[in-house]
Amino acid sequence: MKKEIREYLSETEIRIKGKDRIDKAFLSQMLTRIGFYQHERLVHLIVTMTFAIMTVISFYMLVTKYSLPALLLSLLFLALVIPYIYHYYFLENSTQKLYKLYYEALQIASDEEDK
């Protein structure tokens with residue numbers, strides 16, 4: 001997913017910065033892709049929050065009654081939640097960047113219509 005988003009962001013930035021023809025089909029496609037990435041972001045938010053809650057619960061278990069299984073569980077959840085947070089951060093920032101690019105493209109398209 002990261003590779004796909006990076007490629008799409010790069011292609012879109014090049015097209016917008018180059019002031020290439022921005023038409024309604026391009027804008028519609030951008031909105032569709034943004035919707036897909038928003039859905040992906042929501043799914044990852046739910047997964048990240050679930051793992052964060054489970055991490056906190058496992059740490060609570062570890063503190064209240066120390067045991068080797070509780071320690072292993074806490075470490076496992078911690079090892080999983082950190083990459084989830086990083087990936088969610090990437091998705092959030094990429095989606096925000098796409099919003100800005102969409103508004104730039106919208107402005108270019110409206111300027112072209114005025115000509």
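Every read-out reported here was derived from the displayed coordinates using simple, explicitly stated rules and does not represent laboratory data. Small disclaimer: the values here were computed from a predicted structure and weren't measured. All Cβ positions, even for glycine, are placed from backbone atoms using ideal geometry, and neighbour counts span all protein chains on display.
Couple of notes before you dig in:
- Folded to 0 to 90 degrees: helix 24-64 orientation relative to the chain principal axis, Cα: 10 degrees
- Under the simplified labelling scheme, the LEU78-ILE34 pair shows an inter-label distance of 4.0 nm, with each label point 7 Å from Cα along Cα→Cβ.
- Sorted by Cβ neighbour density within 10 Å, fewest at the top, the residues THR12, THR50, THR95: THR50, THR95, THR12
- Choice from LYS17, LYS97, LYS65 showing the highest fluctuation, given a GNM over the chain with Cα pairs closer than 10 Å: LYS65
- Note on GLU113/ASN93: beta-carbon distance plugged into 1/(1 + (r/R0)^6) with R0 of 35 Å gives a FRET efficiency of 0.70.
- Considering only TYR102, TYR88, TYR60, the mean-square fluctuation computed in a Gaussian network model of the chain, springs between alpha carbons under 10 angstrom, is largest for TYR60.
- Of GLU11, GLU40, GLU92, the one that fluctuates the most in a GNM where the chain has Cα springs shorter than 10 Å: GLU11
- Candidate values (i) 7.8; (ii) 6.7; (iii) 10.5, label of the one derived for mean projected area of the Cα convex hull in nm²: (i)
- Neighbour counts of other Cβ atoms within 10 Å put ILE53, ILE16 in the fewest-to-most order ILE53, ILE16.
- Degrees between helix 2-17 axis and first principal axis of the chain (Cα, 0 to 90, nearest 10): 30 degrees
- Between helix 68-114 and the chain: long-axis angle, C-alpha atoms, 0 to 90°, nearest 10: 10 degrees
- Measuring r between the beta carbons of MET61 and ILE85 and using R0 = 22 Å, the FRET efficiency lands at 0.55.
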